[in-house]
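Right, one structure below, let's go through it.
Each reported figure results from applying straightforward, stated rules to the coordinates on display, with no laboratory input. Everything numeric here is computed off the predicted structure, so don't read it as measured data. Virtual Cβ from ideal backbone geometry, glycine too; neighbours counted across all protein chains shown.
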Amino acid sequence: MAERTKQDGVEEKKIVCWASPGCIHQCGLIATVKDGKLIGLRGNKDYPTPNHGCSDRMPYHPNWLYSPDQLLHPLKRKGERGENRWEQIPWEQALDEIAAKLEDLKERYGPETLTVQEGTYRSDMYPMRTRFLNLFGNPSNIGCAGTICRCNTVAMNYALLGMTNARPKLPNINCLVIDGCALGQTAPLDFQRLQKRKAQGDLKLIVIDPRKTEAGRFADIWVQLRPGTDTALFMGWINVIIEEGLYDKEFVEEWTFGFDELRRRAAEYTPEKVAEITWVPPEVIRASARMYATNWPAGFHWGSATDMLGRNSVRVEQTRVCLRAITGNLKVGGGETIVGPGPIVDGKIGIRDSMLTLPEKVSPEQRKKQLGCDRFRLMGWPGYELMAKYHEETYGIPFPVAAHNFVAVQPLIWKAILEKDPYPVTAMITWGSNFLLNGGDVKTMYKAIKSPNLELHVVLEHFMTPTALLADYVLPIASKLEKPMCATHEDFAPNIACSEAAVEPLGERHGDFHVWKGLAERLGFGEYFPWTTEEELADFRLAPLGLTFKEVATEKYFVRSDEPWTYETINPRTGKKTGFATPSGKAELYSNILEQLGYDPLPFYEEPPESPISTPEVAKEYPYILITGGNFRPMFHSENRHWGIGTREQYPDPVMDINIETARELGIGEGDWVYVETLRGVIRQRATLTDEIDPRVVNVQSHWWFPERPAREPWLHGLWESNCNVLTIADDPDTFDQITGGWPLRALLCKIYKDPAPAG
Ligand SMILES: Nc1nc2c(c(=O)[nH]1)N[C@H]1C(S)=C(S)[C@@H](COP(=O)(O)OP(=O)(O)OC[C@H]3O[C@@H](n4cnc5c(=O)[nH]c(N)nc54)[C@H](O)[C@@H]3O)O[C@H]1N2
Ligand SMILES: Nc1nc2c(c(=O)[nH]1)N[C@H]1C(S)=C(S)[C@@H](COP(=O)(O)OP(=O)(O)OC[C@H]3O[C@@H](n4cnc5c(=O)[nH]c(N)nc54)[C@H](O)[C@@H]3O)O[C@H]1N2
Ligand SMILES: [Mo]
């Protein structure tokens, strides 16, 4: 165990490299702090997921933390939104004024008039935000990246299995399928593990991606499909696996529901038909399906690519769940076992995120007002209520599923602001999100937050982002390096993780908790926020397990269940096998929940809303298929773009991938600035020529802005130059995933041409 010293003003703190400023792996680190200042970091060898020489952002944390651009004081807007003129005000004043305005707007328009905007998992305070909203009487009008990144697949898993599944454990499996995930760039630790495992020579690897990713280069089969067609491909796999009798008959018989219906549906997807849709030859479809089915245990490492397809995107996960189930990979010992709630130690359960959210405070009438939940029902209150019911019935534990994944449909919030339809949305709190970079269709978002209809916009941030520039108040927030953390990760995992703060908050910064609590107190429900600090709240969460925050953060790191709860676990309440928390008690190939919510219970393929087949007229002028994203090292979303941190120095410009042949036809050379245009708008990025992408497909990077450009309008730190969400769609609900409301960020149509101006 690392020594904790306090000589010569030097201290060591056990922290976690959380997403922002760190990465998704959340490795344990030791922070060296001298006279209160962070001076160094190294991997914590005792930590269960140790840092293996990661060099992406960890070495730059001190530069990031002490960047002169960090926000240190609360700011109030002077002049118009976007003029970048601010007055520094005390926290008390900021919270008083914001609370008073919220009170006023609530009185005029009802509690549903408030929306909260957020990005991907940035905080352990999600339960506090939902607690706040529920007490305010808001129907969870949350606009969030989760709808197009993982929370939708989690919701689908809850619907079909009553729980969510974990990533496959590489040492235990014989076949890995990577679907729409650029592992080498986005999960480097998993990629290192994969390289090692593959080098042993006994792992079959299938990579499904329109681009040949790092893993694609050493895959046994690279399935180079047309973007947006994964559901068709997997229906083809199901067809082959059932037709050839490669499924797990015992597991199907005992533990699945609706096999015959699935068989009939899949019969429509012959490899020949699927080949036409996906561009993948029928023999590759057959070979990959056989490889997956005959190398048990097998698992998917799925990325977020298929979450961003808009219409029909969560159906991809439905097909993957069906594949996991029919091949017996969900069974104990299989590639992707389902684990129930936790952490449960000695029969006692720690306080999960969802147990802190007080959903009972929102009346049925208010719930109905959640924006989008009448049409897109799985991720809103209708889905929540159904799934919570089966979850409670099955486990007998009085807590719902991860309540805070159940959100509104973000683009419908912009519509409600602009058109007051179905009612006016007039107040917005944005935290952990630079949505002008990460949301779909920037022009619409921009119009909404510039609109006088939006009477209050508060942003909780570390840096002055383009989104923060369009706020009325910007509150300086302590980062994960400056505050303790305690999380069940949106209840994705049956464990609780804790970490210390490395240093005291900079300047006048406070953790997000301070804002939710401060506003609650001023709005008259402060008694529900009795904890004075984040650490006290963490102690409260751990108390049922007889643990304290300090113990977990510095010694145990994680609290895990003694024995993870699976469908085979004998439920102490009933004395029977627990089964799956679904209406049938089984893994549902035919989904009763989807049926009850008014959807087709079986998976099926639909064309992307914009494609050579669904919109041939558009394809004439915009002939290439566009993917936006493909996250890359060393950046994390829109963060780390400031010069002086060390990351931008490594990666100064946005880069897009074009096939060499396509580039030659268009006179585009390596490194040229190229315009990419869709029906929505135009941006530019620098060309990288490659033969590892289909000549008909173009991939641009996401989240690009330029902090060095002027802040004030019209620049907004280079918001419009290379931001791929200038190109995406979010204004037409028919293009959204009909089950979750996810909007289309990929598989769109574009044209490309060379920048006639010299580079620079
Ligand atoms: N076209 C297209 N769009 C995409 C994607 C794509 O591939 N293509 N990817 C999508 C995906 S998968 C995701 S997850 C989203 C990512 O979207 P986000 O995760 O929202 O990423 P950012 O835009 O970087 O915004 C995060 C902001 O939160 C701030 N922040 C970090 N930690 C904290 C904290 O603890 N508290 C507060 N208050 N603020 C904090 C950071 O400074 C940053 O400005 O983007 C999505 N958008
Ligand atoms: N360095 C770094 N790491 C990150 C992040 C980061 O910003 N930077 N963000 C984190 C977050 S929140 C997320 S969600 C993950 C995202 O990371 P991933 O899950 O890896 O997703 P992406 O990087 O967006 O793209 C993955 C791959 O999908 C392919 N693709 C595009 N369209 C399709 C399609 O229709 N079908 C299929 N099968 N493939 C397609 C692209 O070619 C790309 O190679 O990364 C996490 N890790
Ligand atoms: Mo994400």
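Suppose only helical runs count, i.e. DSSP H with n ≥ 4. What mean residue ellipticity at 222 nm does that imply for the chain under -39500 (n - 2.57) per run, divided by all residues and rounded to the nearest 500 deg cm²/dmol? Don't skip to the end; give the middle numbers.
Working: 25 runs with 217 residues, N = 760.
When only DSSP H runs of four or more count, the value is -8000 deg cm²/dmol.
Can you list residues whose amide H is under 5 Å from Q685's amide H, if they're 5+ apart or on another chain and H is modeled 1.01 Å from N?
V674, V676
Under a Cβ-Cβ cut-off of 12 Å, what is the net charge of the residues other than I344 that fall near it, where Lys and Arg count +1 and Asp and Glu count -1? Present the calculation step by step, with values, prior to reporting the outcome.
Working: positive: K348, R352, R560; negative: D346, D562, E563.
Taking every Cβ under 12 Å from that of I344, the sum is 0.
Please give the peptides 463-473, 268-278 ranked by average Cβ packing (other Cβ atoms within 10 Å per residue), highest first, as a rough proxy for protection. Intermediate values should be presented prior to the final figure.
Numbers: 463-473: 23.9, 268-278: 18.5.
Per-residue Cβ counts within 10 Å, averaged per peptide and sorted highest first, yield 463-473, 268-278.
Explain nothing, just compute: Karplus ³J(HN,Hα) = 6.51 cos²θ - 1.76 cosθ + 1.60, θ = phi - 60°, for every residue of region 194-202 in order, whole Hz, x for Gly and Pro.
Rounded to whole hertz, the list is 5, 4, 5, 5, 5, 5, 5, x, 10.
Rounding to the nearest 20 debye, state how big the charge dipole of region 349-467 is about its Cα centre with +1 on each Lys and Arg Cβ and -1 on each Asp and Glu Cβ. Could you put the intermediate results ahead of the total?
On the way: 13 positive and 12 negative charges, 61 e Å.
The dipole magnitude comes to about 300 debye.
If I take every Cα pair under 8 Å that is 6 or more residues apart in the chain, average their sequence separation and divide by the length, what percent do I get for the relative contact order?
Values: 1721 pairs, mean separation 144.4, N = 760.
19 percent.
Which order do R286, R746, R709 fall in if you start with the one that has the fewest other Cβ atoms within 10 Å? Please list the in-between numbers first.
Values: R286 18, R746 28, R709 13.
Starting with the residue having the fewest Cβ neighbours, the order is R709, R286, R746.
Per-residue HN-Hα couplings for region 365-381, Karplus 6.51 cos²θ - 1.76 cosθ + 1.60 at θ = phi - 60°, whole Hz, x for Gly and Pro?
5, 5, 3, 5, 7, 4, 5, x, 6, 6, 9, 10, 9, 5, 8, x, 4
Please give the Cα centre distance for region 593-614 versus region 503-520, rounded to the nearest Å.
43
Name the residue from P612, L602, F636 whose Cα lies farthest towards the positive end of the charge dipole of region 600-639, charges +1 on Cβ of Lys and Arg and -1 on Cβ of Asp and Glu.
F636
Convert each backbone phi in region 73-82 into a coupling constant with the Karplus relation 6.51 cos²θ - 1.76 cosθ + 1.60 (shift: θ = phi - 60°), then list the ³J(HN,Hα) values in order as whole Hz, x for Gly and Pro.
Whole-Hz 3J(HN,Hα) from phi for region 73-82: 9, x, 10, 10, 5, 10, x, 7, 4, x.
I'd like the distance separating the alpha-carbon centroids of region 421-442 and region 543-574, in whole Å.
The distance from the Cα centre of region 421-442 to that of region 543-574 comes to 37 Å.
Sorted from largest down, give the three principal axis spans of the alpha carbons of region 400-486, whole angstrom values.
Over region 400-486, Cα extents along the principal axes are 41, 36, 21 Å.
Multiplying the sequence separation of K556 and R290 by 0.36 nm and subtracting their Cα-Cα distance, what value in nm do you get?
Working: separation 266, 0.36 × 266 = 95.76 nm, distance 4.25 nm.
That pair, K556 and R290, stretches by 91.5 nm at full extension.
Add +1 for every Lys or Arg and -1 for every Asp or Glu among the other residues with Cβ under 11 Å from the Cβ of Q596, and state the total. Could the numbers behind the result be given before it?
Details: positive: R377, K389; negative: E385, E595.
Local net charge: 0.
Gap in Å between the Cα centre of region 189-248 and the Cα centre of region 4-46?
Rounded to whole Å, the Cα centres lie 38 Å apart.
Taking the beta-carbon count within 10 Å as an exposure proxy, list C27, C486 from fewest neighbours to most.
Numbers: C27 21, C486 24.
In order of increasing Cβ crowding within 10 Å: C27, C486.
Specify which residue in the list Q738, V674, G718 is farthest towards the positive end of the charge dipole of region 616-754, using unit charges on the beta carbon of Lys, Arg (+1) and Asp, Glu (-1), about the Cα centre.
Farthest towards the positive end: G718.
Please state the charge dipole magnitude for the chain, taken about the Cα centre, from unit charges on C-beta atoms (+1 on K and R, -1 on D and E), reported in debye and rounded to the nearest 20. Display every interim value, and only then the final one.
Working: 85 positive and 102 negative charges, 124 e Å.
So the dipole magnitude of the chain works out to roughly 600 debye.
When the Debye formula is applied to the Cα atoms of region 422-469, each taken as the same point scatterer, what base-10 log of I(q)/I(0) results at q = 0.33 Å⁻¹?
Once normalised to I(0) and log-transformed, intensities are -1.36.
Pick out, from T278, I173, L161, the residue whose Cα sits farthest towards the positive end of the charge dipole of the chain, with +1 on the Cβ of Lys and Arg and -1 on the Cβ of Asp and Glu.
Of the candidates, I173 comes out farthest on the positive side.
Considering all alpha-carbon pairs of region 616-754, what whole percent are spaced by more than 26 angstrom?
Working: 2498 of 9591 pairs.
Looking at region 616-754, the distances longer than 26 Å represent 26 percent of pairs.
Amide H to amide H under 5 Å from T430: which residues, 5+ apart in sequence or cross-chain, H placed 1.01 Å off N in plane?
Those qualifying (amide H under 5 Å, at least 5 residues apart or on another chain) are Q117, V458, V459, L460.
What order, most packed first, do the peptides 158-164, 523-529, 711-717 have when packing is the mean number of other Cβ atoms within 10 Å of each residue? Write out the running numbers ahead of the final one.
Details: 158-164: 26.3, 523-529: 14.9, 711-717: 17.0.
Descending packing order for the listed peptides: 158-164, 711-717, 523-529.
Using only alpha carbon positions, build the gyration tensor of the chain, then give the equivalent ellipsoid semi-axes as the square roots of 5 times its eigenvalues, largest first, whole angstrom.
Numbers: eigenvalues 265, 208, 148 Å².
For the chain, the semi-axes come out at 36, 32, 27 Å.
Treating the beta-carbon of each Lys and Arg as +1 and of each Asp and Glu as -1, no other charges, what is the dipole magnitude of region 2-65 about its Cα centre, to the nearest 20 debye?
Roughly 40 debye, rounded to the nearest 20.
With only alpha-carbon atoms in the gyration tensor, what are the semi-axes of the equivalent ellipsoid for region 156-283, in Å, largest first? Could you put the intermediate results ahead of the total?
On the way: eigenvalues 136, 80, 40 Å².
Semi-axes from the Cα gyration tensor: 26, 20, 14 Å.
So what's the net charge close to E482: Lys and Arg +1, Asp and Glu -1, counting the other residues with Cβ under 9 Å from its Cβ?
+2
Considering Cα pairs under 8 angstrom that are at least six residues apart, work out the relative contact order of region 117-258 and quote it in whole percent.
14
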